[in-house]
Amino acid sequence: MTDQERQEIKEKILAELEVTRRSIAELEELTKPIAPDDAIGRLTRMEAINSRSINEASLNQARAKLNKLERALGRVDKPDFGICAVCEKPIPIKRMLLMPETIKCVNCAE
Ligand SMILES: [Zn+2]
């Protein structure tokens, strides 16, 4: 990985962190306790409960991603950044730019 590629990935991590933090804030808003029936509007209570559990799942995913991104940011300047944790081969730069939080190459992630 060249210095320029590393820098590019670092910027990508920072951008993803920003997006992920924002979506966590939105999802936290959406997963607040469900209001009484009359306050829900056109959604039925069941629908509200369903969409809430979907949002909770998204929230958990977003939090996990945030965690990985923060760890990636802590690793980005280290020599072993971008090396697959399983097979120890370099992870292709395209994958690192797409999923900068990844610690595995495509083969090992499957
Ligand atoms: Zn691998």
### Message
Would you confirm, using the coordinates I've provided, whether ILE49 is β-branched (Val, Ile, Thr), at negative phi and assigned to a helix (DSSP H, G or I)?
### Response
yes
## Note on the structure
Selection over segment 72-89 where residues are over 12 Å from ARG6 (Cα atoms) and surrounded by 13 or more Cβ atoms within 10 Å (Cβ to Cβ) yields a count of 3
### Query
In segment 4-21, which residues are of a type in the set (Lys, Arg) and either open to solvent by 50 Å² or more (accessible area, probe 1.4 Å) or modelled with pLDDT under 95 (or both)?
LYS10, LYS12, ARG21
#### Entry: Residues (in contact with a helix residue (DSSP H, G or I) (Cβ under 9 Å, 6 or more places away or on another chain), outside any helix (DSSP H, G or I) and either among the polar types (S, T, N, Q) or within 9 Å of the ligand (Cβ to nearest atom) (or both)) located in segment 90-110
ILE91, THR102, CYS105
### Query
Do we find a residue being within 16 Å of the ligand (Cβ to nearest atom), in a helix (DSSP H, G or I) and open to solvent by 60 Å² or more (accessible area, probe 1.4 Å) anywhere in segment 22-36?
no
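Does segment 58-71 include one or more residues that are modelled with pLDDT under 95, outside any loop (DSSP other than H, G, I, E, B) and either basic (Lys, Arg) or within 16 Å of the ligand (Cβ to nearest atom) (or both)?
Here is the first cut: in segment 58-71, the residues modelled with pLDDT under 95 are none.
No, the conditions are met nowhere in segment 58-71.
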### Summary
Checked pairs for segment 71-94, first among the charged types (D, E, K, R), second modelled with pLDDT of 95 or more and within 16 Å of the ligand (Cβ to nearest atom), C-beta under 7 Å and 6 or more apart or across chains, list as ARG75/PHE81; LYS89/CYS105
### Query
Does any residue in segment 22-33 that is over 17 Å from ILE49 (Cβ atoms) come within less than 7 Å, Cβ to Cβ, of a residue that is open to solvent by 100 Å² or more (accessible area, probe 1.4 Å) and at pLDDT 95 or above six or more places away or on a different chain, and which pairs are these?
ILE24/ARG63
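The values are calculated or read from the model by the stated rules, or taken from the named source; none is laboratory data. Worth saying up front: this structure is predicted, and the values here are computed from it rather than measured. Because the Cβ atoms are built from the backbone with ideal geometry, glycine has one as well, and the counts that use them run over all protein chains shown. Keep in mind that these areas ignore ligands, DNA and RNA; they rest on the heavy atoms of the full protein, side chains included. Shrake-Rupley method; radii C 1.70, N 1.55, O 1.52, S 1.80 Å.
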